[in-house]
1. If we keep just the residues of segment 99-126 that are part of a loop (DSSP other than H, G, I, E, B) and among the hydrophobic types (A, V, I, L, M, F, W, C), which is surrounded by the most Cβ atoms within 10 Å (Cβ to Cβ)?
2. Quick check on Phe70: is it surrounded by fewer than 15 Cβ atoms within 10 Å (Cβ to Cβ) and aromatic (Phe, Trp, Tyr)?
3. The conditions are (1) of a type outside the set (D, E, K, R); (2) surrounded by 13 or more Cβ atoms within 10 Å (Cβ to Cβ); (3) over 20 Å from Leu56 (Cα atoms), and Val96 fails exactly one of them. Which is it?
4. Name the pairs whose Cβ atoms lie under 7 Å apart, with the first residue in segment 37-58 and over 28 Å from Ala83 (Cβ atoms) and in contact (Cβ under 8 Å) with a residue 40 or more places away in the chain, the second of a type in the set (Asp, Glu) and surrounded by 13 or more Cβ atoms within 10 Å (Cβ to Cβ), and 6 or more positions between them or separate chains?
Amino acid sequence: MSMKIVAVRRDPGVPVRFYTRNTTSDMALAYPGGHDKDSNEMAETVLSILLMLLQLLTFALIGRALLSWFDPRGQWMISRMLAEVTDPVIAPLRRVIPPVGMLDLSFIVAIILIQVLERLLRQALL
C-alpha cells in the first residue's frame with residue numbers, strides 16, 4: 001500500500017491543507033474538505049445506526065409505558081426486558097422530575113429528549 005501526500009487549495013487566500021490518502025484504492029477520492037469518500041460514508045453509516053438505536057429506544061419506552069398498565073408489578077418477561085433497556089434513561093430523569101399523581105412524566109421527557117437528539121443528528125447528516 002502506498003501513501004501519497006495530497007495538497008488541496010480551495011481559494012488563493014486559503015492556506016494549503018495537507019493530508020494523506022491511499023493511492024492504490026479507487027475509492028479513496030480526495031475531497032477539498034480534507035476527508036476521503038470512505039470516511040464520509042462511514043460517518044453517515046454510524047449516524048444512521050445511532051438514529052435507528054434511538055428510534056428503538058423510543059419504541060421501548062412507549063412499550064414499557066403501555067405494558068405498565070397491564071403488568072404494573074413487572075412480572076412478565078417482556079416487562080423486565082424493557083425495564084432493563086430503558087432504566088438507564090428513565091432513572092436519572094425520575095430523580096429530577098417528580099411524578100404528578102399517577103403520571104410518570106419522566107417517560108414523556110425522555111421521549112422528547114430523544115426526539116431532539118434525533119433531529120440534531122439528522123441535521124448533522126445533511
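No lab work stands behind these numbers, since they all come straight from the coordinates. Nothing here was measured: the structure is a model prediction, and the numbers come from that model. All Cβ positions, even for glycine, are placed from backbone atoms using ideal geometry, and neighbour counts span all protein chains on display.
1. Only one residue fits best here, namely Leu105.
2. yes
3. Exception for Val96: condition (2).
4. none
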